[in-house]
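Notes for the one structure printed next.
The values are calculated or read from the model by the stated rules, or taken from the named source; none is laboratory data. Note that the structure is a prediction, hence the values are computed from the model and not measured. Here the Cβ is made from the backbone with ideal geometry for all residues, glycine too, and neighbour counts use every protein chain on show. Note: accessible area is taken over every heavy atom of the protein model, side chains too, but ligands, DNA and RNA are not part of it. Shrake-Rupley method; radii C 1.70, N 1.55, O 1.52, S 1.80 Å.
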Amino acid sequence: MTTVDHLRQVRLGNLRTVLLALVDKPGSRADLAARTGLTKATLSNLTEPLLANGVLVEEPATLTGVGRPSKPLRFHPAGPVAIGVEVNVEHLAVETLGLDGETVHRRRIPADHRAATADEVLDRVVALVRQSTEDRAVLGVGLAVPGVVYDGTVVRAPNLPNLVGENLAQDLSGRLGLDVELENEANLAALAHLWPRHLAGEDFVHVSADVGIGAGVVLGGEVYRGVSGFAGELGHVVIERDGVRCTCGSRGCVERYAGLDVMLSAAKKKTLDELTTALQTDERARKAVHEAGRALGVGLATLMNLFDVPTVVLGGSYAVLHEHLSAAIRSEMDTRVLAGGERHTRLLASPLGEFAVVRGAAGMVTRRTVQQPARLYA
Ligand SMILES: [Zn+2]
């Protein structure tokens, strides 16, 4: 590496440190210097170009008691944004996210994708992205799909088989002229609890039920994908060796006992709303959710014994049913999790509601931008 390359690397490393501090909260140059350990001169040097190109903004001076008034720096409220898109079996969702972690715009629209071709799906995504830029510079697009993803291509998607084998990242990037990153929805829902704010610590499992069961394992502040993107497939952990046949070809998978469709049919309800209402009075609905909770608890105990993480976050419809599921999940985990004797596993309901996946998709882009900030100087 030449000296010039080396200096450039040091500069980008320092810039990353400053941007991470600003994601945490705005601050004056003196405050940021104290928080990052950099000199005020270095800070000014790093932030000047970003103030000039509208990534950062200097707020009006505020008097803070003694000394000179401080002028906090923050991400510009009209600065560049990331766009997250979720393609799911029965809906599309989009979120426009600023570098400061503030949602600029988001919406969710019903759309049946079961029979749609990859081209038809991308047509809808392109239209949605174009409506969502809010006239701001776009850093890139994060695209979420309910399937296993490897290197920009969907490799397994039991509920959207027409997408398998398609390099959606490349195709969408070509159509939009923007960087596009493709990722599995369960991993993105987990990421949304990690970035830009830590909502559940640095080690946890996020599990949610939609058509299937999706789980994301977070270890040391990173989503664990495994070698080919298949890690965290909790839905296909076997809890009964000769049990009910599963769409994956195996038998006795957690998904066949704790999936949303299984709960609905056991409770004889059509929608999650109907099920939630029935839980107030209907014994059959309560039993259906309780049994699903026990099956989920057995599967989660296996995951806990493999990864030894302290927290489980219940997302999607599990977050809605949290109050009725938790006791059943816990009854199984308490006796099966080996580390349970040392500490109680925390069970949290996700605060992100139905937008966790798109938030993670947009967050994947803002996180990469902050971690690799060279493009902000463009
Ligand atoms: Zn299975």
Practice prompt. Starting from the stretch 246-261, keep only residues that are more than 8 Å from the ligand (Cβ to nearest atom), then list their pairs with residues that are among the polar types (S, T, N, Q) whose Cβ atoms are within a distance under 7 Å, requiring at least 6 positions of separation or different chains.
Written response: LEU260/SER317
Discussion item. Cβ contacts < 7 Å: first residue free of Cβ contacts under 8 Å to residues at least 12 places away in the same chain, restricted to the stretch 9-34; second residue among the basic types (Lys, Arg), any location; separation 6+ or different chain. Result?
Written reply: ALA33/LYS40
Worksheet entry | Subset of the stretch 321-358 (residues that are small (Gly, Ala, Ser), more than 26 Å from ALA285 (Cβ to Cβ) and open to solvent by 60 Å² or more (accessible area, probe 1.4 Å)) | GLY341
Response to the item:
Here the qualifying pairs (Cβ atoms under 8 Å; residues six or more apart or on different chains; first in the stretch 233-244 and more than 11 Å from the ligand (Cβ to nearest atom); second in a loop (DSSP other than H, G, I, E, B) and modelled with pLDDT of 95 or more) come out as GLU240/GLY252; ARG241/GLY252; ASP242/GLY252
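Let's see how each residue does on (1) among the hydrophobic types (A, V, I, L, M, F, W, C); (2) open to solvent by less than 40 Å² (accessible area, probe 1.4 Å); (3) part of a strand (DSSP E or B):
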position	(1), (2), (3)
VAL4	yes, no, no
LEU15	yes, yes, no
VAL18	yes, yes, no
ALA82	yes, yes, yes
VAL85	yes, yes, yes
Discussion item. If TYR318 meets every condition in (1) in the same structural domain as ALA231 (by TED's automatic domain parsing); (2) surrounded by fewer than 23 Cβ atoms within 10 Å (Cβ to Cβ); (3) among the hydroxyl-bearing types (Ser, Thr, Tyr) apart from one, which number is that one?
Written reply: (2)
Fill in: Neighbours by Cβ (under 6 Å, 6+ apart or cross-chain): first from the stretch 296-322, on the phi > 0 side of the Ramachandran plot; second surrounded by 21 or more Cβ atoms within 10 Å (Cβ to Cβ) and acidic (Asp, Glu)
GLY316/ASP210
